[in-house]
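Here the structure is laid out as structure tokens; the discussion comes afterwards.
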Amino acid sequence: MNAKISFEGNEYEFPVVEGSEKEFGIDISKLRGTTGGLITLDRGFKNTGSCESAITFLNGEEGILRYRGYSIEELAEKGSFLEVAYLLIFGELPTKTELEKFHKDIKAESHVDEEMKKILDGFPKSAHPMGVVSSLTSALIAFNPSSVNVESEEDMYNAIVKLLAKFPVICSWALRKSKGHPLDYGDNSLGYVENVLKMMFKKPNEDYKIDPVIASALNKLLILHADHEQNCSTSTVRIVGSSHAGLFASISAGVSALWGPLHGGANQAVIDMLEGIKADGGDTKKYMAKAKDKEDPFRLMGFGHRVYKNFDPRAKIIKKSADEVLGNLGVEDPVLDIAKGLEKEALEDDYFVKRKLYPNVDFYSGIIYRALGIPTNMFTVMFALGRLPGWIAQWREMRLKKEPIGRPRQIYTGENLREMKDIDNR
Ligand code: SDX
């Protein structure tokens with residue numbers, strides 16, 4: 001199957017690549033050479049595929065999300081986060097033995113060098129946890145030099161288990177630093193998700209009892225955030241990894257990309273927005289009008305998506321889980337009612353309907369995080385904790401396929417050639 005492009009009286013044919021779910025892409029890898037310099041221009045890469053990948057499938061029109069062919073609904077209902085991480089990274093659900101070995105290898109690497117605490121000490125308590133986590137992830141390189149130039153699958157595996165082990169410790173340190181609590185290494189006798197909770201919330205002078213409702217809710221949230229094909233932060237991980245900068249450096253860059261309020265930072269921005277509406281008397285109609293006003297920079301955070309032009313399947317699951325978790329924990333949160341009111345209004349409003357703007361993964365997740373006792377400025381860190389295996393899986397796929405270094409072209413629109421004037425004549 002081919003596609004034809006005609007330009008300046010010439011016609012050119014390019015192959016069309018077909019995916020396993022009837023997606024088609026024009027392979028333009030020879031476009032510039034064949035046409036004598038023609039390139040494509042696609043701001044924000046809205047119509048451009050960066051790779052062929054076997055990890056995650058999205059269908060934005062139908063609101064479908066699958067990891068390695070398994071539906072997100074089934075994985076979120078029946079899976080454990082660690083087995084979903086294994087699935088994303090290695091392509092198959094693990095056997096009991098494989099999962100036990102994977103977890104054992106991760107536990108063996110769950111120590112973070114004490115010297116790293118000196119770097120953490122350099123941050124003010126007020127530092128945003130995403131900045132702390134991105135910096136400490138990069139700092140891990142200095143203490144794990146064998147994880148930099150990884151070529152063999154064995155070296156990659158060792159770097160991967162190191163990061164899956166140490167990243168949650170760093171995330172918990174960012175939270176504990178902000179609370180003035182002593183740092184903790186967790187407990188290797190616990191499950192992966194239970195250990196995250198203990199590292200984050202164990203008070204220095206009390207035992208920490210795992211609440212199964214909280215553990216189950218966090219397990220589901222981490223699974224729902226685990227991968228999402230070529231989103232902004234994953235594309236960042238891939239392009240940094242394509243220079244062979246190493247896994248930790250690539251993931252540190254991904255954390256920074258996720259931080260933005262248009263991406264993973266939206267879960268914190270949603271709660272800030274809902275709190276603002278509550279403080280302003282709960283007048284959702286006023287904020288709907290602001291969201292539609294082109295002169296007003298206000299956007300309805302947690303709404304809209306580059307790919308989903310239907311309900312984000314994750315938002316549906318999280319919305320249902322929000323009612324269950326708050327009910328089980330006996331938590332009343334007025335912003336949940338404001339969120340539901342906004343959603344109802346938006347889904348009936350022509351501006352949102354015409355633009356196919358639906359709630360996305362970030363719209364309700366913060367309400368659950370808050371009910372779990374997680375502070376608002378840690379919401380995006382929780383997103384990063386969930387997305388870590390997806391970033392790793394995408395980085396590993398890119399490296400194993402020996403993808404070329406990412407280096408887009410541009411259309412230059414600056415000054416034509418001109419000569420310098422000496423400074424007295426400028
Ligand atoms: C994530 O890519 C991924 O997969 C990301 C993610 C993942 O799992 O990795 O799913 C996670 O990042 C979810 C998105 C979280 N961000 C937000 O909730 C921030 C609010 N949403 C928007 O900023 C926006 O919808 C984006 C950034 C999510 C998508 O932006 P696009 O695809 O570039 O769309 P656009 O900005 O071109 O908007 C199209 C139209 C515009 O209006 P017109 O110019 O056509 O008149 O829709 C409008 C926009 O103004 N619009 C909104 C809106 N989102 C889009 N108007 C009001 N409120 C909004 N939220």
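What the table below lists for this structure:
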item: Length-normalised contact order for the range 1-145 - Cα pairs under 8 Å, 6+ apart - percent; result: 9
item: Size of electric dipole in the chain: Cβ of Lys, Arg +1 and of Asp, Glu -1, about Cα centre, debye, nearest 20; result: 520
item: Nitroxide proxy distance, nm - points 7 Å out along Cα→Cβ at Thr48 and Met1; result: 2.3
item: Ratio of Rg to Rh over the range 38-80 (Cα coordinates, Kirkwood Rh, two decimals); result: 1.15
item: For the range 63-222: relative contact order, % (alpha-carbon pairs under 8 angstrom, 6 or more apart); result: 23
item: Share of carbon and sulfur in the accessible heavy-atom surface of the chain [1.4 Å probe, %]; result: 51
item: Cα gyration tensor of the range 262-421 - equivalent ellipsoid semi-axes, whole Å, descending; result: 35, 24, 15
item: Distance (nanometres) between label positions extended 7 Å along Cα→Cβ at Gln410 and Ala245; result: 1.8
item: Linear extension gain, Leu99 paired with Lys286, 0.36 nm per residue minus alpha-carbon span; result: 62.2 nm
item: The chain, helix-only ellipticity at 222 nm - DSSP H runs n ≥ 4, -39,500 (n - 2.57), divided by all residues, nearest 500; result: -16000 deg cm²/dmol
item: Cα gyration tensor of the range 233-328 - equivalent ellipsoid semi-axes, whole Å, descending; result: 31, 18, 13
item: Quotient of Cα Rg and 2.2 N^0.38 Å for the range 204-248, N being how many residues it contains; result: 1.83
item: Per-residue HN-Hα couplings for the range 261-274 [Karplus 6.51, -1.76, 1.60; θ = phi - 60°; Hz; x = Gly/Pro]; result: x, 7, 10, x, x, 5, 5, 6, 5, 5, 5, 4, 5, 5
item: For the range 327-419, diffusion coefficient by Stokes-Einstein and Kirkwood Rh (Cα), 25 °C, 0.890 mPa s, µm²/s; result: 135
item: For the range 22-132, diffusion coefficient by Stokes-Einstein and Kirkwood Rh (Cα), 20 °C, 1.002 mPa s, µm²/s; result: 113
item: Whole-Å distance, taken between Cα centres, linking the range 109-127 and the range 169-244; result: 16
item: Calculated P(r) of the range 175-255 - Cα pairs past 14 Å, %; result: 71
item: Heavy-atom surface of the range 1-51, accessible at 1.4 Å and reported per residue (Å²); result: 79
item: Listed peptides 372-382, 55-65, 35-45 by packing density, highest first (mean Cβ within 10 Å); result: 372-382, 55-65, 35-45
item: Theoretical gain in end-to-end length, Glu275 to Leu183 [0.36 nm per residue, Cα-Cα removed]; result: 30.1 nm
item: Which of Glu114, Glu403, Glu8 is most accessible, then next, and so on - probe 1.4 Å; result: Glu8, Glu114, Glu403
item: Largest-first ordering by accessible area, 1.4 Å probe, given options His225, His111, His128; result: His111, His128, His225
item: For the range 361-399 and the range 32-71, distance of Cα centres in Å; result: 23
item: Shape of the range 80-234, Cα gyration tensor, a/c cut at 1.5; result: oblate
item: Listed residues Ala174, Ala289, Ala257, most fluctuating in the chain (Gaussian network, C-alpha, under 10 Å); result: Ala289
item: Convex hull projection area averaged over all views, the chain, Cα basis, nm²; result: 27.2
item: Simple spin-label estimate for Leu262 and Thr34 in nanometres, 7 Å along Cα-Cβ; result: 3.2
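The values are calculated or read from the model by the stated rules, or taken from the named source; none is laboratory data. From a predicted model like this one, the values you see are computed outputs, not experimental measurements. Here the Cβ is made from the backbone with ideal geometry for all residues, glycine too, and neighbour counts use every protein chain on show. We work out accessible area using only protein heavy atoms, side chains counted, and drop any ligands, DNA or RNA first. Shrake-Rupley method; radii C 1.70, N 1.55, O 1.52, S 1.80 Å.
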